[in-house]
Amino acid sequence: MKLHSLAFLFVSLFIFSCSSSSGSNDGGGGTTFSHTQGVGDTANGFLSASEYTSLTIEVDYVAGFQPSQAALNNLKSFLESRLHKPGGITITVDDEISSPGQSPYTAQEAFDLEQEHRDIYTEGNTLAAYFIILDGEFENENVLGFAYFNTSMALMGERIESISGGFGQPSKTTVETAVLNHEFGHILGLVDNGTPAVEDHVDEANGAHCDVESCLMYFAVRTSDFMSNLMGGEIPELDAQCIQDLQANGGK
Ligand SMILES: [Zn+2]
Ligand SMILES: [Zn+2]
């Protein structure tokens, strides 16, 4: 079952680029909630308060690539503006991991590291999500982040650092925020991948993305090519259609 899941995951990575799906099985520590469902499969649990009233996010990072507190605060604000979580949203920066030395990383390797280091899983009314910040590169060096299971995301911290913070580059906080928010958008089922599209705005050529170029969920947001355009420090936001989709699936 796991082998099947992972094989499908790799195929999906090529289809969705930075978002992927897989089968479900193996709770990985939760009670009845499975943390190895496809990306977007538990979008309603994130958006509405019907089952989960709180959200906790764990962040583990490879030494040297701790995300900025400002970016994490931005992620929290973004989620607070879209999710019904009356019990609150907390983000915990947890383990510093010594470099696994595995660059370029595959989604499988990100998942292996997650299993080794993740401490917080969904329990009771508190839903849990996970970020791992990696050194080096993804298989596709242009990719700055990817979501690989229903609660799991990875950021390519070293790639983000290499394209930000320097002369003529956007700030590190701007790029980190854009990638954190974009990958979480996939966990929320965007676009038409767990949260149905109310109006047709799916980028057919780049599955699970929005066809509005200014939208946070435009496919290129997770690439280094796109980021060089963010010189003004403006972080892409969801367009009206993506917001409408989230609202129709229980979000704000
Ligand atoms: Zn994406
Ligand atoms: Zn959109």
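The values are calculated or read from the model by the stated rules, or taken from the named source; none is laboratory data. The shown structure was predicted, so the numbers you read here are calculated from the model rather than taken from an experiment. Quick reminder, even Gly has a Cβ in these numbers, built from the backbone with ideal geometry, and neighbours come from all protein chains shown. All accessible areas refer to the heavy atoms of the entire protein, side chains included, with ligands and DNA or RNA removed. Shrake-Rupley method; radii C 1.70, N 1.55, O 1.52, S 1.80 Å.
Brief remarks on what is shown
- All positions within the range 219-230 that are open to solvent by 40 Å² or more (accessible area, probe 1.4 Å) and within 11 Å of ligand 1 (Cβ to nearest atom): F219
- Which listed residue, of I57, I120, is outside any loop (DSSP other than H, G, I, E, B) and crowded, with 16+ Cβ neighbours inside 10 Å: I57
- Filtered residue count, the range 60-89, keeping only those that are in contact with a Gly (Cβ under 9 Å, 6 or more places away or on another chain) and either among the small types (G, A, S) or outside any helix (DSSP H, G or I) (or both): 8
- Any hit, the range 203-216, residues being more than 28 Å from A70 (Cβ to Cβ), away from ligand 2 (no atom under 11 Å from the Cβ) and crowded, with 20+ Cβ neighbours inside 10 Å: no
- Condition check for E109: of a type outside the set (F, W, Y), farther than 19 Å from F33 by Cα, at pLDDT 95 or above and open to solvent by 70 Å² or more (accessible area, probe 1.4 Å): no
- Count of residues meeting criterion [acidic (D, E) and either in contact with a Phe, Trp or Tyr (Cβ under 7 Å, 6 or more places away or on another chain) or within 12 Å of G145 (Cα to Cα) (or both)] in the range 176-222: 3
- Of the residues examined, L134 is not one that is within 23 Å of T42 (Cβ to Cβ) and either in contact with a strand residue (DSSP E or B) (Cβ under 7 Å, 6 or more places away or on another chain) or within 16 Å of ligand 2 (Cβ to nearest atom) (or both).
- Criterion: touching a Leu at 6+ places or on another chain (Cβ under 9 Å), open to solvent by 10 Å² or more (accessible area, probe 1.4 Å), more than 16 Å from E58 (Cα to Cα) and not hydrophobic (A, V, I, L, M, F, W, C) - qualifying residue of S103, S98: S103
- Filter result (in a loop (DSSP other than H, G, I, E, B) and at pLDDT 95 or above) within the range 195-207: T195, P196, A197, V198, E199, D200, H201, D203
- Matching residues, the range 217-230, being touching a helix residue (DSSP H, G or I) at 6+ places or on another chain (Cβ under 9 Å), more than 11 Å from ligand 2 (Cβ to nearest atom) and either on the phi > 0 side of the Ramachandran plot or part of a helix (DSSP H, G or I) (or both): A220, R222, S224, F226, M227
- Only one of G233, G189, G185 that is within 19 Å of the chain's Cα centre (by Cα) and either assigned to a loop (DSSP other than H, G, I, E, B) or away from ligand 1 (no atom under 15 Å from the Cβ) (or both): G189
- Against the criterion of being within 27 Å of I91 (Cβ to Cβ) and more than 16 Å from ligand 2 (Cβ to nearest atom), T195 does not qualify.
- Number of the condition not met by L246 [criteria: (1) out of contact with any Asp or Glu (no Cβ under 7 Å at 6 or more places or on another chain); (2) within 13 Å of ligand 1 (Cβ to nearest atom); (3) touching a residue at least 60 places away in the same chain (Cβ under 8 Å)]: (2)
- The residues in the range 142-157 that are modelled with pLDDT of 95 or more and either part of a helix (DSSP H, G or I) or open to solvent by 10 Å² or more (accessible area, probe 1.4 Å) (or both) can be counted, and the count is 1.
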